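Structure, as structure tokens:
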Ligand SMILES: [Zn+2]
């Protein structure tokens, strides 16, 4: 992978290579169906089993981008077992994943499924943090109370996967300004930030408000605070 070595760019990630490509038909709980080309990799920086899902006509999207046109739509989605698999109402990860699958299929691009549960602190620690939140801390305070960072996610592997498929510029499907900043620092050009919808429920209203207020997530919430 080639990265410019300007002062605002972190040291370049080593190149990862595609290990397997397999076609997987997907059908979500609400019946929405699409087909993913799922790629696995050798050489990812943290040694974890991250996935890249090519959705829609991603080859055409890459060709269009290479010709100077619109970049492929990309969402780096951090694994959330409780939200993605079990439909937990404590967060908005499941609906965001479902929305991303459809929007990326329509536009052509990539869903990066990143195995960094609980903003990188892991599944058990995330559940410990939920217990602290039930005692009154917010999601960021709870991580700190556990001696962990507010957000330990790292997008090096995401950038390696994008480089392996030739996506050096992306339209980023995310409300999180930190994701865009990290990708840019790692050498991926974010040509546009595309906000996701707001998936509000009674159980996640406080969580979403804290995300909005604490990290400047782009969330237009119909609630006071
Ligand atoms: Zn979640």
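Some observations on this one:
- Residues that are more than 16 Å from the ligand (Cβ to nearest atom) and touching a residue at least 12 places away in the same chain (Cβ under 8 Å) were ranked within region 65-76; the one that is nearest to the chain's Cα centre (by Cα) is 74.
- Filter result for residue 43 (away from the ligand (no atom under 16 Å from the Cβ), at positive phi and modelled with pLDDT of 95 or more): yes
- Matching residues, region 77-92, being under 17 Å from residue 202 (Cβ atoms), assigned to a loop (DSSP other than H, G, I, E, B) and within 6 Å of the ligand (Cβ to nearest atom): 91
- Residue in region 99-113 that is farther than 24 Å from residue 211 by Cβ and touching a strand residue (DSSP E or B) at 6+ places or on another chain (Cβ under 6 Å) present: yes
- Number of the exception - residue 105 against (1) under 21 Å from residue 52 (Cα atoms); (2) surrounded by fewer than 20 Cβ atoms within 10 Å (Cβ to Cβ); (3) touching a residue at least 40 places away in the same chain (Cβ under 8 Å): (2)
- Residue in region 128-138 that is away from the ligand (no atom under 13 Å from the Cβ), more than 18 Å from the chain's Cα centre (by Cα) and at positive phi present: yes
- The single residue among 143, 204, 176 that is over 24 Å from residue 41 (Cα atoms), surrounded by 15 or more Cβ atoms within 10 Å (Cβ to Cβ) and within 13 Å of the chain's Cα centre (by Cα) turns out to be 176.
- Filtering region 97-126 to residues that are touching a helix residue (DSSP H, G or I) at 6+ places or on another chain (Cβ under 8 Å) and either farther than 16 Å from residue 35 by Cβ or within 11 Å of the ligand (Cβ to nearest atom) (or both) leaves 97, 112, 114, 117, 118, 119, 121, 123, 125, 126.
- Some residue of region 130-152 being within 18 Å of residue 52 (Cα to Cα) and out of contact with any strand residue (DSSP E or B) (no Cβ under 8 Å at 6 or more places or on another chain): no
- Qualifying residue in region 59-68 (condition: touching a helix residue (DSSP H, G or I) at 6+ places or on another chain (Cβ under 8 Å), at pLDDT 95 or above and under 15 Å from residue 172 (Cβ atoms)): yes
The values are calculated or read from the model by the stated rules, or taken from the named source; none is laboratory data. All values derive from a computational prediction rather than experimental measurement. Because the Cβ atoms are built from the backbone with ideal geometry, glycine has one as well, and the counts that use them run over all protein chains shown.
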